[in-house]
1. Run the simple label-point estimate for Lys84 and Ile21 please: 7 Å along Cα→C-beta, distance reported in nm.
2. Mind checking Rg over Rh on segment 1-92, alpha carbons, Kirkwood formula for Rh?
3. In what sequence do Leu85, Leu77, Leu53 fall when counting other Cβ within 10 Å, fewest first?
4. Please list, ordered by chain and number, the residues whose modelled amide H lies under 5 Å from the amide H of His120; skip anything fewer than 5 residues away on the same chain.
5. HN-Hα J couplings of segment 70-79 from phi, Karplus 6.51/-1.76/1.60, θ = phi - 60°, integer Hz, Gly and Pro as x?
Amino acid sequence: MIKYVDFLNAWNEEETVDFSIVEEFWAEQVREYFRNQPFVLTADTSKTIGANLDELFEQAKKRQKQNPGTQYLGTVLQHLVAAKLCLIMPENAFEIHGASVADAPTERSGDFVINNTIIHCTTMPGALLIEKCKANLRGGCHPVYRLGPNNSKIRGSILSLYSFSFICNRRFLLSLFR
């Protein structure tokens, strides 16, 4: 550290250094370090799988609050769905897309496409998701959506947000896992 301070002082003698920029640079390096720390999924046998996953989701929510504008919770959810699909599906049965890649610009029907089944992962369902599901149905596909943790209020009210008669009459699979 002393060598670094000596370097900054010598640099400042050659030309004026804006130390607030240097300070901001290092502050961002520290933030980036903590943003890239791994999440820890415990396998505590005294807890249910759901309880262990809830702890993982809590880590993601906490980090998301610490880093405004990020979507850690949704990314963790999508990675878990991808991991499960990798376990139960034959190799190359579906394509894994980046969790932060929007569907519309890439012309994807959803987060995962398996034949004519479209899987949407979301932590905040709303009008856009419903419209995507309707578009999937119009295209002859079967949309499924996977909600993130702690969406019990949303689960109870989402059906009242829109008229689902169109969707429910078309073999819509509503996936409301815990």
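Coordinate-derived values only; no laboratory data. All of these numbers come straight from a predicted model, not from anything done at the bench. Because the Cβ atoms are built from the backbone with ideal geometry, glycine has one as well, and the counts that use them run over all protein chains shown.
1. In this crude spin-label approximation the distance works out to 4.9 nm.
2. 1.25
3. Going from least to most buried by this count: Leu85, Leu53, Leu77.
4. Asp111, Val144, Tyr145, Arg146
5. Each residue of segment 70-79 in turn: 9, 10, 4, 4, x, 5, 4, 4, 5, 5 Hz.
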